[in-house]
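The values are calculated or read from the model by the stated rules, or taken from the named source; none is laboratory data. Worth saying up front: this structure is predicted, and the values here are computed from it rather than measured. Neighbour counts run over all protein chains shown; Cβ positions are idealised from the backbone, glycine included.
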């Protein structure tokens, strides 16, 4: 499973806007490159990233070949209740990478 | 400034040997001085960039790239630092020892990276940080070796060097390290490749000037392993040095080669006092 | 005597042969403004006029490497259930694929603010379009100069 990094505060006040930043180790291979003997390197990209918060989807990103390697995204969500933030990256083959972290809301 | 492709000149004044009569005079002077404080003179080799003129590589990249480096929440190199942290705590080898088993937390190695490369008397060779990690893994953990440029070695190197982020580069070049320093310095000043360029010509004499659109840096190695936008991934100093050799169309030494480690020691001395920036972000 | 397809050593050294440094192969067609228009129509539909404004794109004026260029998007919107950004689309006029990235937002976002890093195949204009909850479309654009590396790196 590719390495991921999630940057999110562990705690937030109710109503506060929380900044979430995630990055996944993935070449996001475009399919337009060739190796050093001229063979095309096949396309291999992450196509979707979602964040659900206490079971409800609060953010979604559709990725194409124009997203840089090791796809990074920063987005926001309102702290509503203590709950799990679940992050899922799906690649073009349907393989899913899943990470989870708990947000405590006071 | 275009890359030079004119026929080889006789060499610029900094690297040209004196004429024979002058050479005799220099030899006599050296002999005279050697009876006095030659050791004092040899201890401090001449610096080609004054300490007050030292500039990190981050001053030669765009503000956006600098921003990516400075903000650790968006610095892509931190992905490897975090991976390194996981590997640090992962047991390996027949006795299931992790790095943590001996060292404790990674922060226990704060300051260590600033002193590398260093001469290990017991092993009888110069080690850079990668070599030290490889040696620890082979000897202390008896675990499978980590290849140069592997994701695992990059992650562990990034983790350890990151512990020294902000601390000044401070390598030792005296005693048994001195021959390696001299070899590194010689390589740095040696013209090579089809373009017949020495490191010194770009990074000592032409730093700040433009090579096409890019501004040439002073060639310091304070931020490695780096996230290089060109590579689209994290990479080691030796990978970057190999790219430089390719840039002047010279045959690069393999990663981990003693010539490159010696050069690394010279670079460390050259950057003395500059803060470590690992993981740096470069173009 | 140089043949018609030979590239002089001098030209290679000066980096005049662009295909050696671009991340794309010579056969990958760069998009045209027409193909971007087609992609936009497919994504946004026909009929709804696009108004310039409310969408702020932050991209460097000069990207020192087209492999990874930081992009920040902010949309002027209260992000309430009654009035919010539903979708943010990013289009390229020169990349081989006109669709770069899309963001699905909503009232739970709090603010319409996202950041990522994108690839730019060449100097070009990047266009971002926001679809609001009332169906209206707002757009912003930024021009970026993309430079090539001075030295080849084949590691």
query: Is the stretch B:197-217 home to any residue that is touching a helix residue (DSSP H, G or I) at 6+ places or on another chain (Cβ under 6 Å), away from every other protein chain (no Cβ under 14 Å) and closer than 30 Å to residue B:110 by Cβ?
result: no
- prompt: Taking the stretch B:115-157 only, how many residues are part of a helix (DSSP H, G or I), out of contact with any helix residue (DSSP H, G or I) (no Cβ under 9 Å at 6 or more places or on another chain) and over 18 Å from residue B:258 (Cβ atoms)?
  reply: 1
field: Residues satisfying the stated conditions in the stretch B:256-272, i.e. in contact (Cβ under 8 Å) with a residue 24 or more places away in the chain and crowded, with 18+ Cβ neighbours inside 10 Å
entry: B:261, B:262, B:263, B:264, B:265, B:266, B:267, B:268, B:269, B:270, B:271
- line: When residue A:19 is run through (1) within 10 Å of chain C (Cβ to nearest Cβ); (2) buried (at least 16 other Cβ atoms within 10 Å of the Cβ); (3) over 23 Å from residue B:71 (Cβ atoms), the failure sits at (3)
statement: Taking the stretch C:123-155 and keeping residues more than 10 Å from chain B (Cβ to nearest Cβ) and in a loop (DSSP other than H, G, I, E, B) leaves C:123, C:133, C:134, C:135, C:136
message: For the structure I just gave you, tell me whether residue A:5 is touching a helix residue (DSSP H, G or I) at 6+ places or on another chain (Cβ under 7 Å), in a strand (DSSP E or B) and away from chain C (no Cβ under 13 Å).
response: yes
message: For the stretch B:94-112, give me the residue count where each residue is in contact (Cβ under 8 Å) with a residue 12 or more places away in the chain, loosely packed, with under 15 Cβ neighbours inside 10 Å, touching a helix residue (DSSP H, G or I) at 6+ places or on another chain (Cβ under 9 Å) and assigned to a loop (DSSP other than H, G, I, E, B).
response: 1
statement: When restricted to C:79, C:50, the only residue over 16 Å from residue C:101 (Cβ atoms) and buried (at least 17 other Cβ atoms within 10 Å of the Cβ) is C:79
- request: Within the stretch B:241-252, track down each residue that is on the phi < 0 side of the Ramachandran plot and either touching a strand residue (DSSP E or B) at 6+ places or on another chain (Cβ under 9 Å) or surrounded by fewer than 18 Cβ atoms within 10 Å (Cβ to Cβ) (or both).
  value: B:243, B:245, B:246, B:247, B:248, B:250, B:251
- prompt: Got a sec? Which of C:70, C:78, C:60 is closer than 19 Å to residue A:75 by Cα, facing chain B (nearest Cβ under 10 Å) and either touching a strand residue (DSSP E or B) at 6+ places or on another chain (Cβ under 8 Å) or without any contact (Cβ under 8 Å) to a residue 24 or more places away in the chain (or both)?
  reply: C:70
- prompt: Within the stretch A:66-95, which residues are out of contact with any helix residue (DSSP H, G or I) (no Cβ under 9 Å at 6 or more places or on another chain) and part of a loop (DSSP other than H, G, I, E, B)?
  reply: A:66, A:68, A:69, A:71, A:79, A:81, A:82, A:92, A:93, A:94, A:95
- request: Answer yes if at least one residue in the stretch B:156-172 is surrounded by fewer than 19 Cβ atoms within 10 Å (Cβ to Cβ) and without any contact (Cβ under 8 Å) to a residue 60 or more places away in the chain, and no otherwise.
  value: yes
- prompt: Residues of the stretch A:37-63 being within 9 Å of chain C (Cβ to nearest Cβ) and surrounded by 21 or more Cβ atoms within 10 Å (Cβ to Cβ), which ones?
  reply: A:53, A:58, A:59, A:61, A:63
message: Among the residues that make up the stretch A:67-88, is at least one of them surrounded by fewer than 15 Cβ atoms within 10 Å (Cβ to Cβ), under 26 Å from residue C:85 (Cβ atoms) and more than 7 Å from chain C (Cβ to nearest Cβ)?
response: yes
- line: When the stretch A:22-33 is checked residue by residue, the ones that are in a strand (DSSP E or B) and within 7 Å of another protein chain (Cβ to nearest Cβ) are A:23
- prompt: Does residue B:64 qualify as being in contact with a strand residue (DSSP E or B) (Cβ under 7 Å, 6 or more places away or on another chain), over 14 Å from residue B:278 (Cα atoms), in a helix (DSSP H, G or I) and modelled with pLDDT of 95 or more?
  reply: yes
